[in-house]
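J.: Pasting a structure here, questions to come.
The values are calculated or read from the model by the stated rules, or taken from the named source; none is laboratory data. Because the structure is predicted, anything quoted here is derived from the model rather than measured. Please note: Cβ atoms are built from the backbone with ideal geometry, for glycine as well, and neighbour counts cover all protein chains shown.
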Amino acid sequence: MADCLFCKIVAGEIPAKIVKRDENALAFRDIDPKAPVHLLVIPTRHIAAVRDAHGADDERLLGRLLAFTGELAAEQGLEPDGYRIVTNTGRNAGQSVDHLHFHLLGGRKLGWPPG
């Protein structure tokens, strides 16, 4: 999508601190981290939110994004103490960019409930 911030990051038009990439997913550091490790994981093709993932291809992509995020958690050394994976859908949930993304948070004790 031409005006999507995260699509522009995928295309290399906007710089980001990229941590990992494959053909389906991209991970980069959040510009306003809420934990010592705070990465965003996005699909490399535009899907606005979880509610917009339809069909077998999108279901496979959602599974790949979660697996990719788990791989990142291990690579970032978060496995021993734990981590959180969060996705927000819609404004009331806090989604500020209309491109599906998972937050990977860790490196400190995380409180509950969030927000």
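J.: Which condition breaks for Ala73 when tested against (1) surrounded by 15 or more Cβ atoms within 10 Å (Cβ to Cβ); (2) under 24 Å from Cys4 (Cα atoms)?
T.: (2)
J.: Name the strands (runs of 3 or more DSSP E) wholly inside region 1-94 in which the number of residues that are modelled with pLDDT of 95 or more and either of a type in the set (Phe, Trp, Tyr) or out of contact with any strand residue (DSSP E or B) (no Cβ under 9 Å at 6 or more places or on another chain) (or both) is 1 or more. First the steps, then the outcome.
T.: Working: elements: 18-21, 25-29, 37-43, 83-86.
Strands (runs of 3 or more DSSP E) meeting the threshold: 25-29, 83-86.
J.: Do any residues in region 94-106 that are in contact (Cβ under 8 Å) with a residue 12 or more places away in the chain and closer than 19 Å to Ala35 by Cβ have Cβ atoms under 8 Å from those of residues that are in a loop (DSSP other than H, G, I, E, B) and of a type in the set (A, V, I, L, M), where the two are at least six apart or on different chains, and which pairs are they?
T.: Short answer, once both residue conditions are applied: Gln95/Ala49; Leu104/Leu78; Leu105/Ala35; Gly106/Ala35; Gly106/Leu78.
J.: Before we move on, is Arg108 assigned to a loop (DSSP other than H, G, I, E, B) and of a type in the set (Lys, Arg)? So that I can check it myself, show each step before the final result.
T.: Values: assigned to a loop (DSSP other than H, G, I, E, B): yes; of a type in the set (Lys, Arg): yes.
The answer is yes for Arg108.
J.: Suppose we keep only residues that are within 24 Å of Leu62 (Cβ to Cβ) and out of contact with any helix residue (DSSP H, G or I) (no Cβ under 8 Å at 6 or more places or on another chain) within region 97-111. Which one would you say is surrounded by the most Cβ atoms within 10 Å (Cβ to Cβ)? Even if it seems obvious, please write down each step before you answer.
T.: Residues of region 97-111 within 24 Å of Leu62 (Cβ to Cβ): 97-106, 110.
Right, trim to out of contact with any helix residue (DSSP H, G or I) (no Cβ under 8 Å at 6 or more places or on another chain) and you get 98, 103, 105, 110.
Working: Asp98: 18, His103: 19, Leu105: 22, Leu110: 15.
Applying the filter and picking the extreme gives Leu105.
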